[in-house]
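As structure tokens, the structure follows; a few thoughts come after it.
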Amino acid sequence: MKIIDTKIIVCCPDRNFVTLKLITDEGVYGIGDATLNGRELAVAAYLQDHIGPCLLGRDPGQIEDIWQYLYRGAYWRRGPVTMTAIAAVDTALWDIKAKLAGMPLYQLLGGKSRNGVMVYGHANGTDIAHTADEVAKYIDMGYRAIRAQCGIPGLPSTYGVSKDKLFYEPADAGLPAENLWSTEKYLHHIPKLFDHLRDKFGFEHHLLHDAHHRLTPIEAAQLGKALEPYKLFWLEDAVVADNQAGFRRIREHTTTPLAVGEVFNSIWDAKQLIEEQLIDYIRATVTHAGGITHLRRIADLASLYHVRTGCHGATDLSPATMGAALHFDLWVPNFGIQEYMRHTPLTDEVFPHDYSFADGYLTPGDKPGHGVDIDEKLAAKHPYKRAYLPVNRLLDGTMFNW
Ligand code: GCO
Ligand code: MG
């Protein structure tokens, strides 16, 4: 069996997605997500111009060899563009292998370790009362775990607070929007949010929070400590993790569980964090961390150090990533939680899939492969539109982390 065609499909069914379709001479094909939010076309070109020609004629069964060929063979290792492109190829190859085996992907990985995948949704509000209303809606929908974000008094806009509630989309058309940030105001306000939520809803549901890389280690330590009474499931991306040792400082001061890694693209980004047990959850997911093949390696390392998985699952991860991640989640022994931001009905239509939500759990279907396809005709009606994530500045104009 041979790979005879590599199609790169760029579309915008309410947001941009890059999808790879690998086609074999026997007609079986595989689908992989290659979306890198705000930098989509760089991955599309990497696949089209540099990877595609090297795949033609190869045996799609050699998943490991192809992964090593693309990673080691390029000489230039790691990086989000490269690893997202490799991930798309890897996901499509696992899809093909599972289709050929006539099995849902989780069976090839080692079978089910659980009945369903606990997911968390996003409750965002302009103020505390509004966020509480949104939390109530997620509880009504059956969620067991909810991430809560809230507008900060004195700041015109805040990360995680959306215009559209159920379909929160941070990327905007045009050039990057500019937001303003004050760490002092944020640190003062967030404990009040969780105090209110626990007071109103009790402790039955898991609550999570994302600081989106905006604190220093000592500030994160202060926040983690202040949030201890509210028993968060996790505090996410408290600090930029370029310097992994920075997390030691947070750990010295707080027992609030820590999650990080949605921007990581390889095991090397997380090695020290995992080996020193500086985190509790690793957020890497299929598409930005080198596919099923590499994510499995990260999870296996994490399992030695009591670190559990918490795959990124925002709207910029296409249903093809969500589908593949759910098979991975159903198998992975050290599973923690899966993020689930719902896609719009149009996105769901462009990517027909068989996963389903009930009682706070997502479950992949039993179709052979990862269960997600692309409707190319419908995709063609929604061409790429330039869109960026916002940027963030301090009140005095200094460029800051988004
Ligand atoms: C999350 C994230 C997202 C990202 C987005 C960037 O925890 O879901 O922080 O909101 O910002 O996926 O592409
Ligand atoms: Mg995040």
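The values are calculated or read from the model by the stated rules, or taken from the named source; none is laboratory data. Owing to the predicted nature of the structure, the values given are computational and were not obtained by experimental measurement. Counting neighbours? That spans all protein chains shown, and the Cβs are built from the backbone with ideal geometry, glycine included. What goes into the accessible areas is simple: the full protein's heavy atoms, side chains included, and nothing from ligands, DNA or RNA. Shrake-Rupley method; radii C 1.70, N 1.55, O 1.52, S 1.80 Å.
Quick notes
- When the P(r) of region 193-311 is calculated, the portion above 17 Å amounts to 53% of the C-alpha pairs.
- Solvent-accessible area per residue for region 3-107 (1.4 angstrom probe, square angstrom): 39
- Region 96-236: C-alpha gyration tensor shape, a/c 1.5 cut-off, then a/b vs b/c: prolate
- With the helix formula -39500 (n - 2.57) applied to DSSP H stretches of n ≥ 4, the chain reaches a computed 222 nm mean residue ellipticity of -10500 deg cm²/dmol.
- Segment Leu378-Phe203, length gained on full extension (0.36 nm per residue, minus Cα span): 58.6 nm
- Ratio Rg/Rh, restricted to region 3-107 and using Cα atoms, in which Rh is the Kirkwood radius: 0.96
- For region 109-366, diffusion coefficient by Stokes-Einstein and Kirkwood Rh (Cα), 20 °C, 1.002 mPa s, µm²/s: 115
- For the chain, the relative contact order comes to 23 percent (Cα pairs under 8 Å, sequence separation of at least 6).
- Projected area averaged over orientations for region 260-340, convex hull of C-alpha atoms, nm²: 4.3
- For the peptides 246-255, 305-314, 37-46, the ranking by mean Cβ contacts within 10 Å, running from highest to lowest, is 305-314, 37-46, 246-255.
- Paramagnetic reach from Asp396 (point 7 Å along Cα→Cβ, amide N under 18 Å) across region 201-220: 215-216
- In whole percents, the pair-distance distribution calculated for region 41-169 from its alpha-carbon pairs, binned every 10 Å from zero, is 11, 25, 19, 26, 17, 3.
- Greater than 28 Å apart at Cα, pairs in Lys7/Lys99; Lys97/Lys385; Lys21/Lys381: Lys97/Lys385
- Semi-axis lengths (Å, descending) of the ellipsoid that matches the C-alpha gyration tensor of region 98-163: 38, 14, 8
- Gain on full stretching of the segment that runs from Asp242 to Asp25 - 0.36 nm per residue minus C-alpha separation: 73.8 nm
- Nonlocal amide H pairs with Ala34, under 5 Å, H built at 1.01 Å: Val18, Thr19, Leu20
- Surface accessible to a 1.4 Å probe, per residue, for the residues of region 109-366, Å²: 36
- When each of the peptides 57-67, 9-19 is scored by the mean number of other C-beta atoms lying within 10 Å of its residues, the order from highest to lowest reads 9-19, 57-67.
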